[in-house]
Every structure is written in C-alpha cells, then in structure tokens.
Amino acid sequence: FTLRIDRARLRELLGFGTGQTLFQIVNIIATQGDNVVVGHALGATALGFYSRAYDLIKLPGAVFTNIVGNVLFPAFSRLQGDRDALAVGFRHVVFANALVLLPASAVLIAVAPEAIRILMGPHWAGAVVPFQILALTMLMRVSYKVGVVVATAAGAVYALAATNVVYAIAVIGGAALTARWGISGVAVSTAASIT
C-alpha cells in the first residue's frame with residue numbers, strides 16, 4: 001500500500017469525471033430550456049399543460065435509465081474496446097425497444113384525450129395535443145438513452161456533452177421560434193429536436 005498518486009490514472013479519472021459533469025450540466029439546461037421559454041413566453045398555465053405532457057412522455061426513458069440502463073452499462077463497459085460489438089448491442093436494444101414503443105406510441109396518440117382525462121382530470125385537456133405530438137418521440141427519447149449508456153460505457157463523455165450542447169440549442173432556439181404558435185408549436189420543435 002502506498003499513498004503515492006498515479007498521475008496517469010488520476011488524469012484519466014478526472015478527464016472522464018469532467019466530461020461526465022459537463023454532460024450532466026448541459027443535459028439539465030437542455031431538458032429544462034423549453035420549460036423556461038414556455039413559462040416566460042406563454043405563462044404559467046401553458047407551462048403546466050406543456051410540462052405535464054412532456055413529463056408523461058419522459059416516463060419510458062426514465063424507466064429505461066433506472067432499470068435497463070443500470071443492467072446494460074456494465075455489459076457495454078466490458079465491450080468498450082470492441083466498437084463492432086457495441087454497435088451490435090446498441091442495434092439490438094433499439095430494435096427491442098422499437099417493438100414495444102412504436103405500438104405503445106400509436107396507442108397513446110389514439111387514446112390521449114381519454115387517458116389525460118382519466119389520469120389527470122377534465123381540466124387538463126390543454127395537455128392532450130402536446131402529449132400527442134411528443135408521443136411520436138418516445139422511441140427516439142429511449143434510443144437516445146440507449147446511446148448515452150453505450151457512449152458512457154465507451155468513455156465518450158465529451159462527445160455526449162457536445163451532442164447535448166447541440167440538442168440544448170435546438171430545444172431552446174426551437175421553443176423561442178415556435179412559442180408564437182402556443183404549446184403545440186413548442187411541442188413540434190421539441191419533437192424535432194429530440195428526433
């Protein structure tokens with residue numbers, strides 16, 4: 001046992017940790033930027049409808065991250081030196097998600113008025129259209145989460161941070177440009193950014 005610091009390992013750990021921190025900071029800005037624009041441009045009521053619709057769409061991605069992502073991360077980490085195996089694993093997971101999420105998205109779009117009324121009450125009808133628009137992106141949101149797991153396992157945290165910077169600019173800029181069409185317009189620009 002020694003108290004000597006291995007500078008190469010310290011540099012590696014700090015490099016990964018710094019990239020991961022940047023990714024998380026930009027991720028918060030990206031995921032909350034549209035809410036800031038909606039709240040500022042359209043008011044609290046519109047923000048309530050929009051944020052509830054968006055929160056319902058985020059649920060599959062959160063479930064994936066909390067359950068499946070925690071199982072897949074160690075498996076993908078073992079493959080970090082084999083880009084081909086990582087790509088095959090990514091495609092398999094995205095395909096399995098597509099089998100579940102594409103039909104689920106179609107069902108949610110069809111039953112959105114009734115589902116919103118049952119889950120949240122009759123006064124939340126303003127969330128139906130944004131929910132339907134954002135429901136189109138469920139597969140893309142979860143595929144993004146799979147990509148985050150794979151890229152993090154491969155150590156590509158700076159690429160993730162750069163991708164999130166582009167995403168944040170698209171979400172915030174899109175929301176600012178489309179706010180004039182209400183929360184439906186913002187939902188369309190957010191869906192395009194997610195895609």
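Annotations
- Residue match in the stretch 56-74 (condition: within 19 Å of Y167 (Cα to Cα), part of a helix (DSSP H, G or I) and open to solvent by less than 20 Å² (accessible area, probe 1.4 Å)): yes
- Residues being open to solvent by less than 10 Å² (accessible area, probe 1.4 Å) and more than 16 Å from the chain's Cα centre (by Cα) - total across the stretch 132-174: 1
- Residue list for the stretch 81-96, restricted to those being in contact (Cβ under 8 Å) with a residue 12 or more places away in the chain and surrounded by 13 or more Cβ atoms within 10 Å (Cβ to Cβ): L86, G89, F90, V93, V94
- One residue from I133, I116 being assigned to a helix (DSSP H, G or I) and either among the charged types (D, E, K, R) or under 25 Å from V94 (Cα atoms) (or both): I133
- Once the stretch 97-113 is narrowed to residues that are among the hydrophobic types (A, V, I, L, M, F, W, C) and under 16 Å from V128 (Cβ atoms), the residue that is least open to solvent (accessible area, probe 1.4 Å) is A112.
- Taken together, the residues in the stretch 181-195 that are free of Cβ contacts under 8 Å to residues at least 12 places away in the same chain and either touching an Asp or Glu at 6+ places or on another chain (Cβ under 8 Å) or open to solvent by 30 Å² or more (accessible area, probe 1.4 Å) (or both) amount to 1.
The values are calculated or read from the model by the stated rules, or taken from the named source; none is laboratory data. Model, not experiment: these values are computed from the prediction. Cβ atoms come from the backbone with ideal geometry, glycine included; neighbour counts cover every protein chain shown. Please note that ligands, DNA and RNA were not included when accessible areas were found on the heavy atoms of the full protein model with its side chains. Shrake-Rupley method; radii C 1.70, N 1.55, O 1.52, S 1.80 Å.
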